[in-house]
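The block underneath contains the structure these notes are about, expressed in structure tokens.
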Amino acid sequence: MPAHATPVGCSSDASEPDTSEVGTAFLISRSDTGETVFASAAFETITGYPVSTVVGVASPLSGLVHPDDLQCLSAYTVAFRAGRPAQLRARIIRADGESRWIRLASTPLPADDGAPRTVTSWEDITARVTADEAAETAARAAHRAKSALVSRLGHELRNPLNAVIGFAQLLERRLTDLDDLSSVQYILSSGRHLLEMIDEVLDITRIDADTLSLTADPVEAPALVDEVVDLVQPRADRSRVRIAVEGGPAGLRFLGDRPRLVQVLQNLLTTAIADNRPGGHLWISWSALGGASVTVRDDGPGISREQHERLLTPADRVGVGPVPAPVAGVGLAVTRALIELMGGTLSFESAPGAGSSFSLALPCAPDRRATVGSAETGFVPTEQGSEASTLLYIGDNPPHVRTVSAMLRLRPGWHLLHTGLGADGVELARSRRPDLVLLDMHLPDRFGLSVLETLKADPATSDIPVVVLSTDAGLPQVDRLLQAGAAQHLTKPLDTQEVLMLLDGITADPQTRMVDA
């Protein structure tokens, strides 16, 4: 396993107990030093090492845990030394060289003689883990098989539908009888609706099988809304529903997959049009509250609270009027799943006679600053204060160091500190108190995420904004970093304009010590 990979399967917080296969060993240790003062005979059965080799030894786990699971051991050790209950599921290497899965559960004991002690149970759970992995492998294979089947069916359904829709369009151009023309138009609308449903079912299958690929790019909210309104305007005109764009912040940008954002917003608008009444209205606005959000409101018939969950159930019919609403649940189910995959949420409010309101919220991309300039006009350095600002770059790639240094020359008021090691970066942050930390995720001595968590856990450095740099722009990665305390995520190769915006955001209001996102 590469040094930067996350250990597969190990955990520092097992959620439920497992049944031991070879008995349970018990160790009693000093919480402050980790020294083992007692070990039961089952320890030798589990590990292959005599009890005498562990008694009197501090932190015996460090010599037993598989190298790929040491990251999990670190979190467990912190809780253990702090005298808190802790759990760990990881692999150990027995005396005979065999790798086995164990589960540890540590509980603090009352300190009779003033020395804090902890009792730890050791259980061999190898068979359980092996069975779980086999079940997971079988489930993944079933998902892939189902996805392949649905994909083939979708392809086979498209062939006859293309013929139906194609010839119906030809008939629509030739027919003059109004009754016949109305029948052909009904065939067309039904065929197109079926095609949309096929696409949505395929999306649900890909999402369920975890084979849908998404990107995380900045998307301008005004341009996105204008594009989608243009797409649905003909449908709104046919339904005699008026669309009003109420607007919002001009520079607001979402962080998400643009084609999928077009799809989800189009789904919301077409649903609002389909469920509205002739002469109804539809309003669209966007906001920067709580990230970046778009709200779609209508004055249609609305639905009761009892029908709310059904609205997001695939292929369910929901409606309060005399004619059931179209099967919009497929599109809305896909919409919610796509938004959640992009790190956002979908919420809605509706009541009979009061219309409906849908809001999608997504991570907010950095706003563009007028002081930075554009790619065409070049970058314009902003005025710096009398005190120099400091950027600490933690990364071991020499070309990246030169790139960052060259960018800082466009901001003469900034001073660069650099180290290639995560441990040295933490110490520099504590001693030099930089205004901004640029942290590479891949370091030779530590995980970048571990450095980020250390900086945010230390009161001396917790208020320093940390911007993480990596090649992975996937939403799960970005979301994990933001939850760990990162102020922002940048993707390699670095975008000069984004870096300069970060620097200007710090110097614009240095007392806040926050990156303006």
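Taking the conditions exactly as written (on the phi < 0 side of the Ramachandran plot, part of a strand (DSSP E or B) and at pLDDT 90 or above), does residue 437 satisfy them or not? Considered against the rule, which asks whether it is on the phi < 0 side of the Ramachandran plot, part of a strand (DSSP E or B) and at pLDDT 90 or above, residue 437 comes out as yes.
When the residues of the stretch 172-197 are filtered to those that are of a type in the set (D, E, K, R) and part of a helix (DSSP H, G or I), the one that is nearest to residue 264 (Cα to Cα) is 196.
For residue 103, indicate whether it is open to solvent by 40 Å² or more (accessible area, probe 1.4 Å) and of a type outside the set (S, T, N, Q). Break it down into steps so the answer makes sense when it comes.
Details: open to solvent by 40 Å² or more (accessible area, probe 1.4 Å): no; of a type outside the set (S, T, N, Q): yes.
Spelling it out, it is not the case that residue 103 is open to solvent by 40 Å² or more (accessible area, probe 1.4 Å) and of a type outside the set (S, T, N, Q).
For the stretch 140-167, the set of residues classified as exposed (fewer than 11 other Cβ atoms within 10 Å of the Cβ) and among the polar types (S, T, N, Q) consists of 159 only. Can you tell me which residue in the stretch 308-347 is nearest to residue 275 (Cα to Cα), limited to those that are open to solvent by 20 Å² or more (accessible area, probe 1.4 Å), at pLDDT 80 or above and hydrophobic (A, V, I, L, M, F, W, C)? Among those residues, the one meeting the criterion is 346. Each residue in the stretch 40-69 was checked for being buried (at least 19 other Cβ atoms within 10 Å of the Cβ), of a type outside the set (Ser, Thr, Tyr) and modelled with pLDDT of 90 or more, and 3 of them qualify. Look at the stretch 40-58: where a residue is within 15 Å of residue 104 (Cα to Cα) and a partner is open to solvent by 70 Å² or more (accessible area, probe 1.4 Å) and not in a loop (DSSP other than H, G, I, E, B), sitting 6+ places away or on another chain with Cβ atoms under 6 Å, you get 40/26.
Hey, does the stretch 70-90 have a residue that's more than 25 Å from residue 457 (Cα to Cα), open to solvent by 20 Å² or more (accessible area, probe 1.4 Å), assigned to a loop (DSSP other than H, G, I, E, B) and among the aliphatic types (A, V, I, L, M)? Checked the stretch 70-90: no residue is more than 25 Å from residue 457 (Cα to Cα), open to solvent by 20 Å² or more (accessible area, probe 1.4 Å), assigned to a loop (DSSP other than H, G, I, E, B) and among the aliphatic types (A, V, I, L, M). For residue 207, the conditions (1) aliphatic (A, V, I, L, M); (2) at pLDDT 85 or above; (3) out of contact with any Lys or Arg (no Cβ under 7 Å at 6 or more places or on another chain) all hold with the exception of (2).
The values are calculated or read from the model by the stated rules, or taken from the named source; none is laboratory data. Quick caveat, the model's predicted, so the values are computed rather than measured. Neighbour counts run over all protein chains shown; Cβ positions are idealised from the backbone, glycine included. Ligands, DNA and RNA are stripped out before the accessible areas are found, and what is left, the full protein with its side chains, is counted by its heavy atoms. Shrake-Rupley method; radii C 1.70, N 1.55, O 1.52, S 1.80 Å.
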